[in-house]
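Below is one structure; the comments refer to it alone.
The values are calculated or read from the model by the stated rules, or taken from the named source; none is laboratory data. Values in this document were obtained by computation on a predicted structure and should not be read as measured data. Cβ coordinates were reconstructed from backbone atoms using ideal geometry, including for glycine residues, and neighbour counts include every protein chain displayed.
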Amino acid sequence: MSSFDLHQKYGPFVRIAPNEISVCDRDAPKKLLLAAHPKDNWYRAGALPDYRFETTLSITGSKAKVARSRHLLRGCSTTNLLR
């Protein structure tokens, strides 16, 4: 059965192997990459030397991460990079 037939039968997301998914939806990458995925507590181990020093990698709350990243990303804007 071809992937086209599988998508006709099962929809835009079809698992074609244990670790592989075929996607037939032009908005799917945007939906997947922009979705808020919660971080597990495991990421808190990245706060070095201890919990008082949070980094963008160790922050598990999405609102706190957005607030911290907003300050850091200003330096990476096109305007600042072209100065």
When residues of region 25-83 are limited to those that are surrounded by 12 or more Cβ atoms within 10 Å (Cβ to Cβ), in contact with a Ser or Thr (Cβ under 6 Å, 6 or more places away or on another chain) and in a loop (DSSP other than H, G, I, E, B), the one modelled with the highest pLDDT
Lys39
Given the criteria of a type outside the set (A, V, I, L, M), part of a helix (DSSP H, G or I) and touching a strand residue (DSSP E or B) at 6+ places or on another chain (Cβ under 7 Å), does His7 qualify?
yes
Restricting region 32-63 to residues that are among the small types (Gly, Ala, Ser) and under 30 Å from Phe13 (Cα atoms), the one farthest from the chain's Cα centre (by Cα) turns out to be Gly61
